[in-house]
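The values are calculated or read from the model by the stated rules, or taken from the named source; none is laboratory data. Everything numeric here is computed off the predicted structure, so don't read it as measured data. Neighbour counts run over all protein chains shown; Cβ positions are idealised from the backbone, glycine included.
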Amino acid sequence: MKIVLKDVVKEFDTFRAVRGVSLEIGSGQLVALLGPSGSGKTTILRTVAGLEFPDQGAIYFGDEDATDIPVRERGVGFVFQHYALFPHMTVGENIAFGMKVSKKARSKQEIHARVNDLLRLVKLEGLNNRFPSQISGGQRQRVALARALAVDPKVLLLDEPFGALDANVRHDLRRWLREIHDELGITTLFVTHDQEEALDLADRVVILDQGTIVQEGTPEEVCRKPASAFVMKFLGDTNRITATAKSGMVDIPGARLSASGLADGPVEVLARPGDLSWSFDGEGIPVSVLRVIDRPEGRRFLVRTDAGETLELDVPIDIRASSGDRGFVQVLRGNVYPR
């Protein structure tokens, strides 16, 4: 089921949450809405669900104008951050609930068989008689997804589905959700503020800021070709080096970068920690080591330039330094934006 949003605007009493958003989600795609708090991503999800109605614009499910269709008639499955399971119902009863209240008549045998199929799908066989309080947070989220899938939705919507879980459980459930999506092929739209989650899971990522789309594309496109300084900074750790553009180029110690299309004048060079390299002597930006940060996956230097700018860079684990050591930072890759 393809979803199309055309010039959607949603206003509340004191502010405009969504400002003319147009977006197309292809049938069977898994698309992430990514952005900081207040960027409009949850409001967009709720308008697609029918929990909110746009003040302007239209929403289409396939060729059907779904803008004013009530939520119960849209054929969507919704998974919330905090599960929203009924505590007085067993796991099996929670999954069966939507089928029992649906307009589509099902026999007890059909519902029982469907519940068992979904329990196998979400890898919770044997837990149908337990109550939500008797299973883990990760298992409760699996139940919430099974309940959403029970009504055979045309569209699956997830609002920060793993936000209430610890890091290890989130990581496992991300892989599992992608497997479920690939198996079922349901058009899926999910909201997250977690950049890693969006990039790991999605076919396409839609980045929002202040109610507007600032960039959309594949994970590779938004990571490798950020459209603005905001996108670059939002997607991960970013170093900022002030510089000056002249004749389409930026010269900084040890590097010369293209500033094609930018007017001569002040600019900022943005670079990831992995886009910088270290040497104890040679060319580059002179720096002093402030701190060495060791992590399971590697080592990072926190350094300060002679101009007073703080930089972070990833180094091989066999490179050792101490606070106060002098060295040079080379810019291997960087994006240049007007300042």
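As an exercise: evaluate residue 104 against (1) touching an Asp or Glu at 6+ places or on another chain (Cβ under 9 Å); (2) outside any loop (DSSP other than H, G, I, E, B); (3) among the basic types (Lys, Arg) and give the number of the one condition it does not meet.
(2)
What are the pairs, 6+ residues apart or on separate chains, where a residue within the stretch 172-183 that is over 17 Å from residue 77 (Cβ atoms) has its Cβ under 8 Å from a residue that is modelled with pLDDT under 90 and surrounded by 13 or more Cβ atoms within 10 Å (Cβ to Cβ)?
172/138; 174/162
Name the residue that is surrounded by the fewest Cβ atoms within 10 Å (Cβ to Cβ), counting only residues in the stretch 286-304 that are within 14 Å of residue 319 (Cα to Cα) and of a type in the set (Val, Ile, Thr).
293
Taking the condition surrounded by fewer than 16 Cβ atoms within 10 Å (Cβ to Cβ), in contact with a Pro (Cβ under 8 Å, 6 or more places away or on another chain) and either modelled with pLDDT of 95 or more or of a type in the set (Val, Ile, Thr) (or both), does residue 212 pass?
Criteria not met by residue 212.
Quick check on the stretch 111-133. Is at least one of its residues touching a Gly at 6+ places or on another chain (Cβ under 8 Å), in a loop (DSSP other than H, G, I, E, B) and buried (at least 19 other Cβ atoms within 10 Å of the Cβ)?
yes
Determine, yes or no, whether residue 165 is hydrophobic (A, V, I, L, M, F, W, C), surrounded by fewer than 21 Cβ atoms within 10 Å (Cβ to Cβ) and either assigned to a loop (DSSP other than H, G, I, E, B) or in the same structural domain as residue 92 (by TED's automatic domain parsing) (or both).
Yes, satisfied.
When you scan the stretch 3-12, do you find a residue that is assigned by TED's automatic domain parsing to the domain that holds residue 146 and farther than 27 Å from residue 218 by Cα, even just one?
yes
Find all pairs meeting these conditions: Cβ atoms under 9 angstrom apart; at least six residues apart or on different chains; first residue within the stretch 59-81 and in contact (Cβ under 8 Å) with a residue 40 or more places away in the chain; second residue surrounded by fewer than 16 Cβ atoms within 10 Å (Cβ to Cβ) and not in a loop (DSSP other than H, G, I, E, B).
59/65; 78/71
Could you list, in sequence order, the residues of the stretch 217-236 that are in contact (Cβ under 8 Å) with a residue 60 or more places away in the chain and more than 12 Å from the chain's Cα centre (by Cα)?
Residues satisfying the conditions are 226, 228, 229, 232.
Here is a list of conditions, (1) assigned to a strand (DSSP E or B); (2) touching a Phe, Trp or Tyr at 6+ places or on another chain (Cβ under 7 Å); (3) closer than 20 Å to residue 77 by Cβ, and residue 189 meets all of them except one; can you say which number that is?
(2)
From the list 173, 158, which one is modelled with pLDDT of 90 or more, within 23 Å of residue 37 (Cβ to Cβ) and crowded, with 19+ Cβ neighbours inside 10 Å?
Going through 173, 158 in turn, just one is modelled with pLDDT of 90 or more, within 23 Å of residue 37 (Cβ to Cβ) and crowded, with 19+ Cβ neighbours inside 10 Å: 158.
Please go through the stretch 66-82 and give me each residue that is crowded, with 20+ Cβ neighbours inside 10 Å and of a type in the set (Phe, Trp, Tyr), ordered by number.
Passing the criteria: only 78.
Tell me the residue from 20, 38 that is in contact with a Ser or Thr (Cβ under 9 Å, 6 or more places away or on another chain), on the phi > 0 side of the Ramachandran plot and surrounded by fewer than 18 Cβ atoms within 10 Å (Cβ to Cβ), please.
Every option except 20 fails the conditions.
Give 107, 37 a once-over and let me know the one that is touching a residue at least 60 places away in the same chain (Cβ under 8 Å) and assigned by TED's automatic domain parsing to the domain that holds residue 188.
Matching residue, one of 107, 37: 37.
Would you list the strands (runs of 3 or more DSSP E) that sit entirely within the stretch 204-289 and hold 1 or more residues that are of a type in the set (Lys, Arg) and closer than 30 Å to residue 26 by Cβ?
204-209
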